[in-house]
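These notes concern the structure reproduced below.
The values are calculated or read from the model by the stated rules, or taken from the named source; none is laboratory data. This is a predicted model, so every value here is computed, not measured. Cβ sites come from the backbone with ideal geometry, for glycine too, and all protein chains shown count toward neighbours. Note: areas computed on protein heavy atoms with side chains; ligands, DNA, RNA excluded. Shrake-Rupley method; radii C 1.70, N 1.55, O 1.52, S 1.80 Å.
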Amino acid sequence: MPALELDEYIDSLRGGGKLEEEQVRLLCEKAKEVLLKEENVHHVTCPVTVCGDVHGQFYDLKELFRIGGDVPDTNYLFMGDYVDRGYFSVETVSLLVALKVRYPHRIAILRGNHESRQITQVYGFYDECLRKYASPAVWMYFTDLFDYLPLTGVVENQIFCLHGGLSPAIETLDNIRSMDRVQEVPHEGPMCDLLWSDPDDRPGWNLSPRGAGYNFGPDVAEKFNHRNGLSLVARAHQLVMEGYNWSHERNVVTIFSAPNYCYRCGNQAAIMELDDMLNYTFLQFEPAPRPPGFHKFPRCPDYFL
């Protein structure tokens, strides 16, 4: 796909436009080629800005780029959940995928638990695709692409980045590297856990109230980091009111990049900037101004946040 054509796509998407159905198909096919070259534990170099959930809040994603800098001037690592909940999942995921294809070494996009066929049929992305394209084809192109997204990333072999959390079936990063990721997210097992688990104050492993993944304690995080020579686990997946939250004696940080989540939670969003020496700075931001007619969009179903 020529760079000039991709630049036209990106310019249109940044302006709030959407791609034609055939353009989405071609973009997703090219993105598969790019993502197949990346391992399950995608290696990322500094400097880089690490981001959490964006959930179809396209105008807030534009605000994120305004605060953090545009691609390719700033390197990014997004930790999943690009779709569902917000009203502009199509525009959000189209822009991020186009940026990935155009600048594959400047932006990393990992898989979240919402990058799945089953979840997107419940929480908005499927219905949005039908509404905007009068066909499920675009939803199929993107959800097929989601199977190719790396499960995790590691920044300079020090900061382990993923959407959800740890798994009792995974002791080392090599366990993740050996997994077959090109599939729908399973209902259980290590791949599911990476996308669904949460940190918890209780020690050890506990069942998750989400019905998938586990809650893992401070002892689990400390042991995992020590065994793998890591300094930090950075993850997303949970609403935190200040946009970021330390836990497990600073072995784990949660980053959430969708301000005023679901357009009603009142939270700040945050991103984590890492410099060449792995020093971190958190940038917090508020929701972007809403476009005209914003409240006319249909609401998505709720579940616990």
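Structure summary
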item: Of all residues making up segment 199-231, the number that are within 24 Å of Asn279 (Cα to Cα) and buried (at least 22 other Cβ atoms within 10 Å of the Cβ); result: 3
item: Looking only at segment 131-178, and only at residues there that are of a type in the set (Gly, Ala, Ser) and touching a Ser or Thr at 6+ places or on another chain (Cβ under 6 Å), the one that is farthest from Thr120 (Cα to Cα); result: Gly165
item: Members of segment 263-274 found to be under 19 Å from Phe78 (Cβ atoms) and not in a strand (DSSP E or B), listed by number; result: Asn267, Gln268
item: Which numbered condition Pro301 fails, given (1) touching a strand residue (DSSP E or B) at 6+ places or on another chain (Cβ under 9 Å); (2) at pLDDT below 95; result: (1)
item: Residue in segment 43-57 that is charged (D, E, K, R) and under 26 Å from Leu162 (Cβ atoms) present; result: yes
item: Of all residues in segment 264-280 being within 23 Å of Tyr123 (Cα to Cα) and free of Cβ contacts under 8 Å to residues at least 60 places away in the same chain, the one that is surrounded by the most Cβ atoms within 10 Å (Cβ to Cβ); result: Asn267
item: Output for segment 223-258, where each listed residue is touching a residue at least 12 places away in the same chain (Cβ under 8 Å), closer than 28 Å to Pro287 by Cα and among the polar types (S, T, N, Q); result: Gln238, Ser247, Thr254, Ser257
item: Leu64 vs. criteria in contact with a Phe, Trp or Tyr (Cβ under 8 Å, 6 or more places away or on another chain), of a type in the set (A, V, I, L, M), in a helix (DSSP H, G or I) and open to solvent by less than 20 Å² (accessible area, probe 1.4 Å); result: yes
item: Whichever residue in segment 182-198 is under 27 Å from Tyr244 (Cβ atoms) and charged (D, E, K, R) and, among such residues, is surrounded by the fewest Cβ atoms within 10 Å (Cβ to Cβ); result: Asp198
item: Residues within segment 75-89 that are in contact with a strand residue (DSSP E or B) (Cβ under 6 Å, 6 or more places away or on another chain) and not in a loop (DSSP other than H, G, I, E, B), tallied; result: 3
item: Boolean, Glu171 is assigned to a loop (DSSP other than H, G, I, E, B) and open to solvent by 60 Å² or more (accessible area, probe 1.4 Å); result: yes
item: Subset of segment 69-84 [out of contact with any Pro (no Cβ under 9 Å at 6 or more places or on another chain) and either open to solvent by 10 Å² or more (accessible area, probe 1.4 Å) or β-branched (Val, Ile, Thr) (or both)]; result: Gly69, Asp70, Val71, Pro72, Asp73, Val83
item: Subset tally (residues that are in contact (Cβ under 8 Å) with a residue 12 or more places away in the chain, under 19 Å from Glu91 (Cα atoms) and outside any helix (DSSP H, G or I)) for segment 18-61; result: 9
item: Asp81, sole failed condition from (1) in contact with a Phe, Trp or Tyr (Cβ under 9 Å, 6 or more places away or on another chain); (2) at positive phi; result: (1)
item: Check on Arg177, in contact (Cβ under 8 Å) with a residue 24 or more places away in the chain and surrounded by fewer than 14 Cβ atoms within 10 Å (Cβ to Cβ); result: yes
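Here is a yes/no grid of residues against (1) of a type outside the set (S, T, N, Q); (2) open to solvent by less than 10 Å² (accessible area, probe 1.4 Å); (3) touching a Phe, Trp or Tyr at 6+ places or on another chain (Cβ under 6 Å); (4) more than 18 Å from Arg102 (Cβ to Cβ):
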| site | (1), (2), (3), (4) |
| --- | --- |
| Asp7 | yes, no, no, no |
| Glu33 | yes, no, no, no |
| Val48 | yes, yes, no, no |
| Asp60 | yes, no, no, yes |
